[in-house]
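The values are calculated or read from the model by the stated rules, or taken from the named source; none is laboratory data. No experiment lies behind these values; they were computed from the predicted model shown. Glycine also receives a Cβ, built like all others from the backbone with ideal geometry; neighbour counts cover every protein chain displayed.
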């Protein structure tokens with residue numbers, strides 16, 4: 001997998017916190033874009049897939065395709081940031 005991130009940063013996020021992840025896995029790229037967006041504006045219950053998709057440059061249908069639902073995407077976000085033991 002190739003990406004633009006610095007060596008010391010999480011793979012799914014770019015050094016600047018913006019979009020630039022280049023990966024062979026579209027779901028991972030969408031997760032990286034979602035993480036960058038959530039990191040910059042926060043995560044609220046009102047965040048819709050349509051609004052998020054528009055903000056990260058994709059469609060809500062692609063988010064549903066890769067994550068199943070809004071809850072599935074939010075679960076992936078929480079899982080990514082959950083402390084690893």
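Checked across the stretch 55-64, the condition of being without any contact (Cβ under 8 Å) to a residue 60 or more places away in the chain, in a loop (DSSP other than H, G, I, E, B) and exposed (fewer than 15 other Cβ atoms within 10 Å of the Cβ) holds for at least one residue. Suppose the filter is at pLDDT 95 or above and in contact with a helix residue (DSSP H, G or I) (Cβ under 9 Å, 6 or more places away or on another chain); does residue 31 pass it? Against the criterion (at pLDDT 95 or above and in contact with a helix residue (DSSP H, G or I) (Cβ under 9 Å, 6 or more places away or on another chain)), residue 31 qualifies.
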